[in-house]
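A short worksheet on the structure shown next.
The values are calculated or read from the model by the stated rules, or taken from the named source; none is laboratory data. From a predicted model like this one, the values you see are computed outputs, not experimental measurements. Every residue, glycine as well, gets a Cβ built from its backbone with ideal geometry; the counts of neighbours run over all protein chains shown.
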Amino acid sequence: MDSHVDASTGNEVLLQLRDIVRTYEMGSELVHALCGISLDICRNEYVAVMGPSGSGKSTLMNIIGCLDIPTSGDYSLAGEKVADKNESELADIRNRLIGFVFQTFNLLPRANILHNVELPLIYGGIARAERRHRAEQALERVGLKDRLTHRPNELSGGQCQRVAIARALVRNPSIILADEPTGNLDSKTGDDIMGMLDDLHAGGQTVILVTHEDDVAAHAQRVLCLRDGQVESDVMNVDESVLRNARAG
Amino acid sequence: MRLLLDTGESFRIAVGAVMANKARGALTMLGIIIGIVAVTMTLAASNGMQQSFRQAAGSIGADVIYVSRMPWITINDFFTFRNRPNISLQEADKLVEAFAGVAVVNPTMSGRQPLKYRSQVLQDVTIVGTSEKMPIISGQVPEDGRFLLAFDVRFRKNVAIIGKDVADNLFPSADPINKTISIGRYRYRVIGVMEKQGGNTFGGPNLDMQVFIPITSFVKSFGGRRNTNVDVAVKAGSIAAMENLEYEIIGEMRRIRQLRPAEDDNFSINKLDSLMGAFNSVFGAVLGIGLLVTSIALIVGGIGVMNIMFVSVTERTREIGIRKAIGARRRSILMQFLFESTLICVLGGLLGIGLSMLLTLAVNAAGAFTASLSLGIMLSAVFVSALVGIIAGLVPAYKGANFAPIDALRYE
């Protein structure tokens with residue numbers, strides 16, 4: 001399956017999940033984190049995944065991000081079947097197709113921010129000159145071009161998260177996967193970061209974010225609610241444009 | 001290309017990791033340094049001994065066959081040789097005659113006597129009775145004056161050529177040539193001083209503490225009826241000619257001694273070769289044991305590195321998770337930690353080599369024995385320390401490389 005087209009909208013389907021089940025063994029007990037999730041996400045969609053803790057949203061994100069593989073079910077990402085891949089192929093998919101933005105930023109503390117942003121390019125085998133150029137470009141997009149040699153501990157939380165976004169962007173991934181991106185930030189900085197994700201989406205990027213805050217989810221076009229490992233609701237967010245206009249005004 | 005970039009990144013991480021924990025790195029390195037110093041010093045000492053042995057053995061001559069009463073090397077059958085007759089000067093003369101025009105034959109006798117010049121006395125100096133042919137056999141020549149002539153030997157002249165150390169001790173300020181010295185109770189005139197020979201390590205004879213006199217004069221002065229055992233040196237001229245010459249010498253000696261075919265030889269044939277062989281086998285065993293013991297230090301150092309690498313991997317679990325999330329493969333993580341352990345060990349190895357160089361200088365300056373640190377030893381020390389690093393890093397690195405990304409990311 002190379003490219004799929006959503007029947008109703010005519011958009012290209014980027015992620016296709018079918019009957020995804022993920023169970024963990026905790027001692028002798030089996031924990032059902034996901035119990036049969038089926039889902040399509042198209043290119044340039046902006047999806048918020050919500051749900052109470054224990055609903056399975058982190059597990060879903062891990063599976064979408066190819067950090068974890070489902071116990072059963074099919075998952076294909078940009079036409080590639082994830083279940084068939086071995087570990088280094090999965091590492092390669094994460095490198096090429098997915099840009100992660102974590103709640104705790106997850107930058108390397110000892111490396112300067114340029115090196116942090118270069119890292120996906122290093123593991124992607126991009127030559128030094130181009131690597132540097134692209135990393136600088138990505139940092140310019142997030143407004144940190146003048147801080148290249150700073151280390152994460154010399155930056156504010158918001159700046160760290162912007163470095164993380166630059167790192168997520170630098171390989172032009174198919175999807176940006178943001179796990180509670182504003183969770184460790186004050187509301188104003190959080191708004192900045194969300195604005196940045198909005199801009200990325202407006203620029204054609206597919207964005208999936210996990211959150212439990214309604215006002216963060218309000219940025220997305222589509223809100224997916226999980227409960228007990230199943231999709232409880234999957235609705236288009238009609239208020240998105242209204243909210244955005246309100247903020248702009 | 002990707003492998004190359006991975007390697008560059010791994011190296012960079014390794015340097016960063018070692019630099020970030022300088023004290024820990026230094027202490028871990030200390031174990032490797034001690035191990036490498038122990039091993040290289042063992043090798044350097046053995047190398048030095050081997051060199052000085054060769055130097056000392058050089059005067060024996062590689063193409064010279066010695067006919068003696070005893071073999072040079074007896075392990076535990078000394079008693080079977082004990083009853084052999086001495087080789088007499090008459091027998092030696094017959095050998096000289098038999099090989100006239102074929103090979104250079106030089107008989108020698110030796111004994112210990114006190115030396116005296118005015119108030120200076122040297123006890124227990126080796127007196128060698130020999131012929132004018134000795135320089136051809138051993139390559140030892142006088143640096144001052146002259147060696148024996150055939151004339152001195154034929155007419156039993158009381159003339160002596162003294163070793164360099166004898167000259168320095170007996171004549172601290174005067175020129176020894178033409179001075180008269182006492183050897184035992186007899187007066188000899190010094191006609192030459194030998195070149196410095198050196199190479200008197202590990203209890204070997206000091207070649208510079210010898211006095212050479214005509215063998216005929218030796219018999220006249222010191223040759224009791226019983227105490228006249230002659231060693232005969234026969235120079236083959238080339239290594240290739242030695243085998244045939246050896247058989248001819250054995251045949252000639254048996255004829256001189258009128259041995260019946262069923263009787264064993266009652267004399268021995270000695271060569272540098274057999275001495276070297278015995279030396280090498282004993283030496284090899286000693287070196288082997290030395291290396292075995294010292295390599296324990298290196299192994300302990302390696303275990304220290306392994307231990308620290310486990311700590312390093314655990315501390316950096318989260319970092320491993322981050323790296324994996326953004327696309328590092330298992331191999332990249334493996335290499336990152338292997339580089340770190342190898343870097344620690346190679347740095348330790350280089351410091352150890354530096355320290356060994358200083359120790360070698362100190363040991364040689366102290367003069368107890370000579371140590372010699374060759375380029376080969378240093379290169380193998382670097383190689384061995386890298387190998388220790390790889391082996392010590394393998395298990396921890398493998399552990400780190402196999403962390404599941406989600407678990408590693410969650411690690412606090």
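Residue-by-condition table, conditions (1) over 29 Å from the mean Cα position of the chain (by Cα); (2) of a type outside the set (Asp, Glu):
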| residue | (1), (2) |
| --- | --- |
| B:Ala14 | yes, yes |
| B:Ala23 | yes, yes |
| B:Ile33 | no, yes |
| B:Val39 | no, yes |
| B:Ser46 | no, yes |
| B:Ala56 | no, yes |
| B:Ala62 | no, yes |
| B:Asp93 | yes, no |
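With (1) in contact (Cβ under 8 Å) with a residue 40 or more places away in the chain; (2) assigned to a loop (DSSP other than H, G, I, E, B); (3) surrounded by 24 or more Cβ atoms within 10 Å (Cβ to Cβ) as the list, and B:Gly327 as the residue in question, which single condition is left unmet?
It fails just one condition, (1).
If you go through segment A:94-131, how many residues are touching a His at 6+ places or on another chain (Cβ under 7 Å) and either within 8 Å of chain B (Cβ to nearest Cβ) or surrounded by fewer than 22 Cβ atoms within 10 Å (Cβ to Cβ) (or both)?
Total satisfying the criteria: 1.
Which of the strands (runs of 3 or more DSSP E) found entirely inside segment B:121-188 contain at least 2 residues meeting this: under 30 Å from B:Ala236 (Cβ atoms) and out of contact with any Leu (no Cβ under 8 Å at 6 or more places or on another chain)?
So the answer is B:142-145.
If A:Arg141 satisfies all but one of (1) away from every other protein chain (no Cβ under 12 Å); (2) of a type outside the set (Ser, Thr, Tyr); (3) in contact (Cβ under 8 Å) with a residue 60 or more places away in the chain, what's the number of the condition it fails?
With respect to (1) away from every other protein chain (no Cβ under 12 Å); (2) of a type outside the set (Ser, Thr, Tyr); (3) in contact (Cβ under 8 Å) with a residue 60 or more places away in the chain, A:Arg141 is out only on (3).
So is B:Val305 outside the structural domain of B:Ile239 (by TED's automatic domain parsing) and at pLDDT below 90 or not?
In short, no.
Listed residues B:Glu315, B:Glu319; which is without any contact (Cβ under 8 Å) to a residue 24 or more places away in the chain, among the charged types (D, E, K, R), within 14 Å of chain A (Cβ to nearest Cβ) and surrounded by fewer than 18 Cβ atoms within 10 Å (Cβ to Cβ)?
Residue meeting the stated conditions: B:Glu315.
Does segment B:260-267 contain any residue that is modelled with pLDDT of 85 or more, surrounded by fewer than 14 Cβ atoms within 10 Å (Cβ to Cβ) and part of a helix (DSSP H, G or I)?
Looking for residues that are modelled with pLDDT of 85 or more, surrounded by fewer than 14 Cβ atoms within 10 Å (Cβ to Cβ) and part of a helix (DSSP H, G or I), one finds none in segment B:260-267, hence no.
If I filter segment B:364-386 down to residues being in a helix (DSSP H, G or I) and under 15 Å from the mean Cα position of the chain (by Cα), which single residue comes out as surrounded by the fewest Cβ atoms within 10 Å (Cβ to Cβ)?
B:Asn364
What's the number of the only condition in (1) out of contact with any strand residue (DSSP E or B) (no Cβ under 7 Å at 6 or more places or on another chain); (2) at the interface with chain B (Cβ under 7 Å from one of its Cβ atoms); (3) modelled with pLDDT of 90 or more that A:Glu87 fails to meet?
In the conditions (1) out of contact with any strand residue (DSSP E or B) (no Cβ under 7 Å at 6 or more places or on another chain); (2) at the interface with chain B (Cβ under 7 Å from one of its Cβ atoms); (3) modelled with pLDDT of 90 or more, A:Glu87 misses (3) alone.
When the residues of segment A:69-93 are filtered to those that are among the polar types (S, T, N, Q) and within 24 Å of B:Thr7 (Cα to Cα), which remaining residue is surrounded by the most Cβ atoms within 10 Å (Cβ to Cβ)?
Looking at residues that are among the polar types (S, T, N, Q) and within 24 Å of B:Thr7 (Cα to Cα), I get A:Ser88.
Every residue, every condition in (1) within 14 Å of another protein chain (Cβ to nearest Cβ); (2) modelled with pLDDT of 90 or more, yes or no:
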{"residue": "B:Met357", "(1), (2)": "no, yes"}
{"residue": "B:Asn364", "(1), (2)": "no, no"}
{"residue": "B:Gly389", "(1), (2)": "no, yes"}
{"residue": "B:Leu409", "(1), (2)": "yes, no"}
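Looking only at segment B:336-343, decide whether some residue is buried (at least 16 other Cβ atoms within 10 Å of the Cβ), within 14 Å of chain A (Cβ to nearest Cβ) and either out of contact with any strand residue (DSSP E or B) (no Cβ under 6 Å at 6 or more places or on another chain) or in a helix (DSSP H, G or I) (or both).
Within segment B:336-343, one or more residues are buried (at least 16 other Cβ atoms within 10 Å of the Cβ), within 14 Å of chain A (Cβ to nearest Cβ) and either out of contact with any strand residue (DSSP E or B) (no Cβ under 6 Å at 6 or more places or on another chain) or in a helix (DSSP H, G or I) (or both).
Just give me the residues in segment A:133-155 being loosely packed, with under 14 Cβ neighbours inside 10 Å and more than 22 Å from A:Gly195 (Cα to Cα), in sequence order.
A:His133, A:Thr149, A:Asn153, A:Glu154, listed by residue number.
Would you check if there is a residue in segment A:171-192 being part of a helix (DSSP H, G or I) and buried (at least 22 other Cβ atoms within 10 Å of the Cβ)?
no
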